[in-house]
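Chemist: I'd like to ask some things about the structure below.
The values are calculated or read from the model by the stated rules, or taken from the named source; none is laboratory data. Keep in mind it's a predicted model, so treat the numbers as computed, not measured. Don't worry about glycine lacking a Cβ; one is built from the backbone with ideal geometry, like all the others, and counts go over all protein chains shown.
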């Protein structure tokens, strides 16, 4: 794995909107990012690779696709369910990839007409809480 880093830490109080890059946030065990609308659900934390955004040919800022953590330098699609990543002080466990077709109907946020979380997003649960901030390393735990 290349030197992987956090590019954005994002949250929103409502679902169905882009998230704001807050630059640092607290990941709470078995909950998600404190203050985010998706915390406490079966998709506690969403990750999206900056490279996947660039490959889509779209200029976007962290959070524009409603992801919690924008990553750089890691192939998220190469991970497996159950893999654990240390992100800053926190540790997350990969729980799923993308969204099912049923979940996408009326429940996927799109930015400039493109929805990347359903196809390129990775979802995780928080197994060890801690602060995550832009620039933090991401590594297998």
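Chemist: Kindly indicate which of 70, 95 is at pLDDT 95 or above, under 13 Å from the mean Cα position of the chain (by Cα) and crowded, with 21+ Cβ neighbours inside 10 Å. Show your work before the answer.
Modeler: On the way: 95 fails: crowded, with 21+ Cβ neighbours inside 10 Å.
Matching residue, one of 70, 95: 70.
Chemist: Still on this structure, please answer the following. Looking at 63, 8, which one is in contact (Cβ under 8 Å) with a residue 60 or more places away in the chain and within 14 Å of the chain's Cα centre (by Cα)?
Modeler: Details: 63 fails: in contact (Cβ under 8 Å) with a residue 60 or more places away in the chain.
Sole residue among the options that is in contact (Cβ under 8 Å) with a residue 60 or more places away in the chain and within 14 Å of the chain's Cα centre (by Cα): 8.
Chemist: Right, next: Of these, 80, 43, which one is out of contact with any helix residue (DSSP H, G or I) (no Cβ under 7 Å at 6 or more places or on another chain), surrounded by fewer than 17 Cβ atoms within 10 Å (Cβ to Cβ) and either outside any strand (DSSP E or B) or at pLDDT below 90 (or both)?
Modeler: Numbers: 43 fails: surrounded by fewer than 17 Cβ atoms within 10 Å (Cβ to Cβ).
Only one candidate passes the filter, namely 80.
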